[in-house]
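Undergrad: Starting off with a structure, shown below.
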Amino acid sequence: MAGSGCWIGSRKKAFEVKVQILGIETSCDETGIALYDTERGLRAHTLHSQIALHAAYGGVVPELASRDHVRRIVPLIEAVMREAGTTLDAIDGVAYTQGPGLAGALLVGASVASALAMALDKPLVGVHHLEGHLLSPLLSEDKPSFPFVALLVSGGHSQLFFVRGVGQYELLGDTLDDAAGEAFDKAAQLLGLPYPGGPALAQLARDGRAGVVRLPRPLIDAPHFHFSFSGLKTAVLTLVRQLQHEGRFNDQARADVALEFETAVVDVLAAKAFKALRQTHNKRLVVAGGVGANQSLRARFVKEAAALGVRVYFPEMAFCTDNGAMIALVGALRITEGVRDYAFHVRPRWPLSELTAVVEKGVGDACCGSTT
Ligand code: KG4
Ligand code: ZN
């Protein structure tokens, strides 16, 4: 579990009020539940992954995902309450992922959260899933202070933001076609790897030999910050077919392609992220979202950041992929600023740029007091 994580005692208080917020994440194939306390940090969290359920289909089946959330959500909430040694009466609000995500899956979290908030007569807030990812490094002891540049790399998004504060996300670069995680998943499929492809491909890449095969680095020198990975996926397909045609598509060749693919993605992400830092004259970089769990990416970013005198912040591994803790944290940040949302609706598509800023009480200056 993340450490005490409490912001009281840092240069400025992030939270003027002590609250405990229950966070519920059901946007895709993970049911994540957590309890975040603004004084004591993360009290408890739990996650149920549906990997085994979807593995036979090679990807997430939306209807199966919704049904599994229905089955798991209440026992998981009870488990988190037990772990935290508290009861639902003691919570001060409920936060749930309102979008983006799978409509049916989102509706499960939204219904349970709304019902709980209504029954307990406590505030309810719908959280943007990507805001959860963006702010997930704030769950760590060593957190970045605002402003920072954020690279968000998940299954559905590859985006670069200049983050001035909570809710103040200036989009610098966006996903033009396949997102980084999606490209990992599709390349993995071409290499005959099981779902979920990203971690499986990263594992295979460890046996690869560098420079044996060559793939493109799409848009690496482009004068903008947008990302396009669908051409890279097609290049993997062409390479695999060529190796098969030549009778050379053995285990070693698959590993070589995996390593070259992983290196190509990391090269592009690093080039754009560090260029964004230079352009914004900023020295703090956050890398969030599932692809941020990739160890080669982490090692490469840490090395390059050190050489440039930049600090790079990753969420703890448990909070890199989808989880309830990041939703509880954002819920706390918004509920303490008076945000309430009792409307029962989900937003399967939801641009992050439509969020309202939280600018009160110096929240933006509070985290860890770092000036590097
Ligand atoms: O953030 P996330 O858990 O869910 C979304 O909001 O999309 O990201 C999931 C994505 C998947 O595409 C998965 O293959 C990728 O993150 N991923 C990885 C790794 N772990 C997860 N990609 C590369 N290397 C990893 N170790
Ligand atoms: Zn996610």
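Undergrad: Membrane-span-like helices in the chain: DSSP H runs reaching 24 Å or more (Cα, own axis), mean Kyte hydropathy at least -1.0?
TA: 62-84, 103-120, 251-280
Undergrad: Please find, in a Gaussian network model of the chain (springs between Cα atoms separated by less than 10 Å), the residue of Thr38, Thr234, Thr87 whose mean-square fluctuation is greatest.
TA: Thr87
Undergrad: Taking a label point 7 Å from the Cα of Arg278 along the Cα→Cβ vector, which residues of segment 292-332 have an amide N closer than 19 Å to it?
TA: So the set is 300-312.
Undergrad: For segment 148-314, how many pairs of lysine residues have a Cα-Cα distance under 17 Å, where the two are 8 or more positions apart or belong to different chains? Kindly include the intermediate steps, with their values, before the conclusion.
TA: Working: Lys186/Lys233; Lys272/Lys283; Lys272/Lys303; Lys275/Lys283; Lys275/Lys303; Lys283/Lys303.
For segment 148-314, qualifying lysine pairs total 6.
Undergrad: Zone of Leu176 (label point 7 Å along Cα→Cβ, backbone N under 20 Å): which residues in segment 217-246?
TA: 217-238
Undergrad: For Ile327, tell me the accessible area in Å² from a 1.4 Å probe, rounded to the nearest 10.
TA: Accessible area of Ile327: about 0 Å².
Undergrad: Moving to a separate point now. With each label point set 7 Å from Cα along the Cα-Cβ vector, what nm distance links Ala90 and Met118?
TA: Once both label points are built, they end up 2.7 nm from each other.
Undergrad: Grab the beta carbon distance between Ser49 and Arg311, set R0 = 35 Å, and tell me the FRET efficiency rounded to 0.05.
TA: 0.70
Undergrad: By per-residue mean of other Cβ atoms within 10 Å, what is the highest-first order of 275-283, 331-339?
TA: Numbers: 275-283: 15.3, 331-339: 22.7.
Listed from highest to lowest mean packing, they are 331-339, 275-283.
Undergrad: Accessible area of Tyr313, 1.4 Å probe, to the nearest 10 Å²?
TA: Its heavy atoms expose roughly 10 Å² to the probe.
Undergrad: Rounded to the nearest whole Å², what accessible area per residue is found for segment 148-314 with the 1.4 Å probe?
TA: Spelled out: the 1.4 Å probe surface of segment 148-314, per residue, equals 41 Å².
Undergrad: Here is a follow-up. Please report, as a whole percent, how much of the solvent-accessible surface of the chain comes from carbon and sulfur atoms (probe radius 1.4 Å).
TA: The nonpolar share, carbon plus sulfur, comes to 54 percent.
Undergrad: So, one more: What accessible surface, in Å², does a 1.4 Å probe find on Asp207, ignoring ligands, DNA and RNA and rounding to the nearest 10?
TA: Asp207 has an accessible surface of roughly 100 Å² with all protein chains in place.
Undergrad: Given the -39500 (n - 2.57) contribution per DSSP H run of 4+ residues, what per-residue ellipticity at 222 nm results for the chain, rounded to the nearest 500 deg cm²/dmol? Let's see the in-between values first.
TA: On the way: 11 runs with 148 residues, N = 372.
Theoretical 222 nm ellipticity from helices: -12500 deg cm²/dmol.
The values are calculated or read from the model by the stated rules, or taken from the named source; none is laboratory data. Model, not experiment: these values are computed from the prediction. Virtual Cβ from ideal backbone geometry, glycine too; neighbours counted across all protein chains shown. We work out accessible area using only protein heavy atoms, side chains counted, and drop any ligands, DNA or RNA first. Shrake-Rupley method; radii C 1.70, N 1.55, O 1.52, S 1.80 Å.
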